[in-house]
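Written out below as structure tokens is the structure these notes cover.
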Amino acid sequence: MAFLFETFTDWEKYCTTHNTNLAQSVIEYEMSEKDSTRDEILSGLATNYEVMKQAVDSGFTEDMTSRSGMINNGAKKVHTSQRTVLSPEFQQLVARALSAKEVNSCMGRVVAAPTAGASGIMPGVLYTLQELHGLPDDKMHEALLVAAGIALIIEHKSSLAGAVGGCQAETGSAAAMAAGAIVFCLVGTIQEIFNAVAITIQCMLGLVCDPVAGLVEVPCVVRNASAAAIANSSAQIALAGVDSVIPVDECVEAMGEIGESMENRYKETALGGLAVTTTGQKISNKVLIHDIDILPDQEG
Ligand code: SF4
């Protein structure tokens, strides 16, 4: 069944031909690939979704200060801020995406969906969507299947790794997965789901990977929040019936082409962008000295 996931066009054709939907086609794929039963796959999804929600909650309740000091309980501040920009829901979307990603930066437990660097986007989006629309857990588990299908195709046609394709491949792919999941949950058509994916990728193209001091903290945490917002704006656009103009498969190819042409200093090497700003370099030197200080053979 691997052919199913080579392109979005093939995926849609498969669903139409077999009179099935995106989530069902992915669960069949998972069952065949992992030699697992439907119940085992669904149980794994339920566990993963719980871990996602727990990550959001622990970011609000536990101390989230990273060893470098760059992450310092930012999610809590947004969660409880009295200054609301758009709506309480938007505020919580941003806070939750920050929260789960801060947990990752502070070495807590997250679901890498699709990577640890982008681990705040799906939890922030799904948690908020479920609460706002009163969706059952089963629907959220199906949404995870749709998101997984989207990630499989992006990985096949382009990449999901910042070290290969820049941050567009990492937070961009997570945002695309989340946008597709939103439209799926809100009973969009396959075309609307794929439009949401395409529009999201269009918004995230070209984003470089430039983590300060090589740590997945700055700008990674705030990019999780912005990617969650873009996932929602793209889903809103797609659900209104606006066409992406450039088909989703071509958007993914564009992401691959841009990733290939990106210089290595923008691919998680910490040799370009924010990592080499004056402040970025100062932090990098400080982190390096701190790490040397705590090496075991330096302590005795
Ligand atoms: S900047 Fe790099 S390390 Fe940070 S989230 Fe983006 S791809 Fe991951």
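Considering only residues that are away from the ligand (no atom under 16 Å from the Cβ) and either within 30 Å of Ala270 (Cβ to Cβ) or not in a helix (DSSP H, G or I) (or both), which ones fall in the stretch 167-193?
Ala179, Leu186, Val187, Gly188, Thr189
Within the stretch 238-255, is even one residue within 12 Å of the ligand (Cβ to nearest atom) and at pLDDT 95 or above?
no
Contact list please: Cβ distance under 9 Å, first residue in the stretch 63-86 and within 17 Å of Val222 (Cβ to Cβ) and of a type in the set (Lys, Arg), second residue open to solvent by less than 40 Å² (accessible area, probe 1.4 Å) and part of a loop (DSSP other than H, G, I, E, B), pairs at least six apart or on different chains.
Between residues of the stretch 63-86 that are within 17 Å of Val222 (Cβ to Cβ) and of a type in the set (Lys, Arg) and residues that are open to solvent by less than 40 Å² (accessible area, probe 1.4 Å) and part of a loop (DSSP other than H, G, I, E, B), the close pairs are Lys76/Met64.
Looking at the stretch 17-47, which of the residues that are within 17 Å of Gly180 (Cβ to Cβ) and polar (S, T, N, Q) is least open to solvent (accessible area, probe 1.4 Å)?
Ser25
Which condition number does Thr9 fail, the rest of (1) touching a Pro at 6+ places or on another chain (Cβ under 8 Å); (2) surrounded by 18 or more Cβ atoms within 10 Å (Cβ to Cβ) being met?
Just one mismatch for Thr9, condition (2).
Just to verify a result, which residue in the stretch 25-37, among those that are in contact with an Asp or Glu (Cβ under 9 Å, 6 or more places away or on another chain) and without any contact (Cβ under 8 Å) to a residue 24 or more places away in the chain, is farthest from Pro247 (Cα to Cα)?
Here the residue is Ser36.
Of everything in the stretch 153-162 that's open to solvent by 30 Å² or more (accessible area, probe 1.4 Å) and part of a helix (DSSP H, G or I), which residue is nearest to the ligand (Cβ to nearest atom)?
Among them, the one singled out is Glu155.
Looking at the stretch 194-212 only, could you name the residues that are more than 16 Å from the ligand (Cβ to nearest atom) and either within 16 Å of Val125 (Cα to Cα) or free of Cβ contacts under 8 Å to residues at least 24 places away in the same chain (or both)?
Listed by number, the residues that qualify are Ala196, Val197.
Yes or no: Glu142 open to solvent by 20 Å² or more (accessible area, probe 1.4 Å), more than 14 Å from the ligand (Cβ to nearest atom) and over 21 Å from Gly44 (Cα atoms)?
No: the conditions fail for Glu142.
Among Gly120, Gly124, Gly134, Gly165, which is crowded, with 24+ Cβ neighbours inside 10 Å and more than 20 Å from Ala229 (Cβ to Cβ)?
Every option except Gly165 fails the conditions.
Checking the structure you have, find out if any residue of the stretch 273-293 is β-branched (Val, Ile, Thr) and under 18 Å from Glu170 (Cα atoms).
no
In this structure, is Cys106 without any contact (Cβ under 8 Å) to a residue 60 or more places away in the chain, touching a strand residue (DSSP E or B) at 6+ places or on another chain (Cβ under 8 Å) and open to solvent by less than 40 Å² (accessible area, probe 1.4 Å)?
Yes.
Restricting attention to helices (runs of 4 or more DSSP H) lying wholly within the stretch 201-300, give those where 3 or more residues are open to solvent by less than 60 Å² (accessible area, probe 1.4 Å), closer than 23 Å to Leu186 by Cα and of a type in the set (S, T, N, Q).
Result: 220-239.
The values are calculated or read from the model by the stated rules, or taken from the named source; none is laboratory data. Computed from a predicted model, the values in this text were never measured in an experiment. Glycine gets a Cβ as well: all are built from the backbone with ideal geometry, and neighbour counts include every protein chain shown. Areas reflect the complete protein model, heavy atoms only, side chains present, ligands, DNA and RNA absent. Shrake-Rupley method; radii C 1.70, N 1.55, O 1.52, S 1.80 Å.
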